[in-house]
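**Student:** Sharing a structure below in structure tokens format, with a few things to ask.
The values are calculated or read from the model by the stated rules, or taken from the named source; none is laboratory data. Bear in mind that the values here come from a model prediction, so they are computed numbers and not experimental data. Using ideal geometry, Cβ is built from the backbone for each residue, glycine included, and neighbour counts are taken over all protein chains shown. For accessibility, only protein heavy atoms count, side chains too; no ligands or nucleic acids. Shrake-Rupley method; radii C 1.70, N 1.55, O 1.52, S 1.80 Å.
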Amino acid sequence: MTHEAILPETLPLDDVFFQTPGKLSRVFPYTLLAAGRRVCTPTEMPIAHRFNHHTLVLTLSGKGLLQVNGVSSLLHEGTIAWLDSSMLYSHRCEPRHSHWSYLWLGFVGYGLDTLFDSLGVIGNPIFDTANTRDPKALFEGILREVETGSFLADNRCFALLAQLISFLVSERAESSELSASVQRLQRVMELVRSDLTRAWAIEDLATAANLSQAQLFRRFRQRMGTTPLDWLRHERVNAAKPLLVVTDEQISRIAARCGYPDPFHFARDFKKLVGVTPSEFRRQGQSARP
């Protein structure tokens, strides 16, 4: 016998939307592949599809049961489960409940595997976000973008997905489940992102992390797979991309806003990381507008 009656709005549902990457999607650190909403009942078989991407599952109502490497977790309203779908897993409606309603996102991206390991997600894949509405709004915003399929869907999905991942990192840090070293790196990254115009030097980053420069390099390599200054270049170039496409602001001004007082230095780094110059990137993006 189940705990709740099955209401009309909780009858089985399975909406899946695939995001077809545009020609600019390759330049974003995270790429959404698919998203959906689902309502399942206890009579349905567990889902255990194996894909080579990451998946976030937000429970809206009812109860779900997740198994990862043989360890079970209960999913209830307001929880987000983070799955590496290349691993052995399954999820289903909890057998004693009438339904399980959830939203899900499938995505890939630079540094996700490292972040997944750093946050200890394999041992604890559940994030409890019941006290805030932000994650639900981010999930729903991404679903709207995929359903409408606008030219800017890639850009907007990336922005929303980046916010969602940052939120999960902060939640895990606040619950003291991040190691002290990861918390230090997180503080540094948040500080830098809040002021990209500043001429950050390695000494500034080390001081902000309360680490020696050698320790900072080592821990960035371990956790992020790159050096602090290379990470900073990626952050600045990624911040410039949407400004180039959705505004008509002068490239030199965009460069300055993103921490490049020298536009030639900006153009050199941009082409090295993206493969085209800022001007070419702008032309490609704006010519693809409907």
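**Student:** Restricting to region 256-276, give me the number of residues that are assigned to a helix (DSSP H, G or I) and under 25 Å from the mean Cα position of the chain (by Cα).
**Tutor:** The initial filter retains those residues of region 256-276 that are assigned to a helix (DSSP H, G or I), namely 256-257, 263-274.
Now restrict to residues that are under 25 Å from the mean Cα position of the chain (by Cα): 257, 269-274.
Final tally of qualifying residues: 7.
**Student:** Looking only at region 241-256, count how many residues are touching a helix residue (DSSP H, G or I) at 6+ places or on another chain (Cβ under 7 Å) and closer than 22 Å to Asp154 by Cβ.
**Tutor:** Taking region 241-256 as the starting set, the residues that turn out to be touching a helix residue (DSSP H, G or I) at 6+ places or on another chain (Cβ under 7 Å) are 241-245, 249, 251-252, 254-255.
Then keep just the ones that are closer than 22 Å to Asp154 by Cβ; that gives 241-245, 249, 251, 254.
Residues meeting the conditions: 8.
**Student:** While we're here: Report the residue count in region 184-195 for those that are modelled with pLDDT under 90 and buried (at least 17 other Cβ atoms within 10 Å of the Cβ).
**Tutor:** 5
**Student:** Condition (residue is of a type outside the set (Gly, Ala, Ser), in contact with a His (Cβ under 9 Å, 6 or more places away or on another chain) and more than 21 Å from Ala34 (Cβ to Cβ)) applied to region 64-85: is it met by at least one residue?
**Tutor:** So far as region 64-85 goes, yes, one or more of its residues are of a type outside the set (Gly, Ala, Ser), in contact with a His (Cβ under 9 Å, 6 or more places away or on another chain) and more than 21 Å from Ala34 (Cβ to Cβ).
Residue by residue, here is whether (1) in a loop (DSSP other than H, G, I, E, B); (2) modelled with pLDDT of 90 or more holds:
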position: His3; (1), (2): yes, no
position: Ile6; (1), (2): yes, no
position: Glu9; (1), (2): no, no
position: Val16; (1), (2): no, no
position: Pro21; (1), (2): yes, no
position: Arg26; (1), (2): no, no
position: Ala35; (1), (2): no, yes
position: Arg38; (1), (2): no, yes
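**Student:** Out of (1) more than 22 Å from the chain's Cα centre (by Cα); (2) free of Cβ contacts under 8 Å to residues at least 60 places away in the same chain; (3) closer than 17 Å to Pro29 by Cα, the odd one out for Phe281 is which?
**Tutor:** Just one mismatch for Phe281, condition (2).
**Student:** Do you know which residues across region 201-226 are within 23 Å of Asp117 (Cβ to Cβ) and at pLDDT 90 or above?
**Tutor:** Scanning region 201-226 gives a single hit, Leu205.
**Student:** Going by what's in this entry, would Ser166 be described as closer than 27 Å to Thr247 by Cβ, of a type in the set (S, T, N, Q) and within 11 Å of the chain's Cα centre (by Cα)? If you could, list the steps in order and put the result at the bottom.
**Tutor:** On the way: closer than 27 Å to Thr247 by Cβ: yes; of a type in the set (S, T, N, Q): yes; within 11 Å of the chain's Cα centre (by Cα): yes.
So Ser166 passes the test.
**Student:** Do we have Arg198 as part of a helix (DSSP H, G or I), of a type in the set (Lys, Arg) and open to solvent by 20 Å² or more (accessible area, probe 1.4 Å) here? Explain how you work it out, then say what you get.
**Tutor:** Numbers: part of a helix (DSSP H, G or I): no; of a type in the set (Lys, Arg): yes; open to solvent by 20 Å² or more (accessible area, probe 1.4 Å): yes.
So Arg198 fails the test.
**Student:** Tell me which residues, restricted to region 156-182, are at pLDDT 85 or above and open to solvent by less than 60 Å² (accessible area, probe 1.4 Å).
**Tutor:** Applying the first criterion (at pLDDT 85 or above) to region 156-182 yields 157-168.
Selection gives Cys157, Phe158, Ala159, Leu160, Leu161, Ala162, Leu164, Ile165, Ser166, Phe167, Leu168.
**Student:** Can you spot a residue in region 207-224 that is surrounded by 15 or more Cβ atoms within 10 Å (Cβ to Cβ) and either within 16 Å of Ala267 (Cα to Cα) or of a type in the set (Val, Ile, Thr) (or both)?
**Tutor:** Within region 207-224, not a single residue is surrounded by 15 or more Cβ atoms within 10 Å (Cβ to Cβ) and either within 16 Å of Ala267 (Cα to Cα) or of a type in the set (Val, Ile, Thr) (or both).
**Student:** Ok, one more. Could you list all residues from region 233-260 that are free of Cβ contacts under 8 Å to residues at least 40 places away in the same chain and open to solvent by 70 Å² or more (accessible area, probe 1.4 Å)? Before the answer, list the steps.
**Tutor:** Residues of region 233-260 free of Cβ contacts under 8 Å to residues at least 40 places away in the same chain: 237, 240, 243, 247-255, 260.
Across region 233-260, the qualifying residues are Asp248, Gln250, Arg253.
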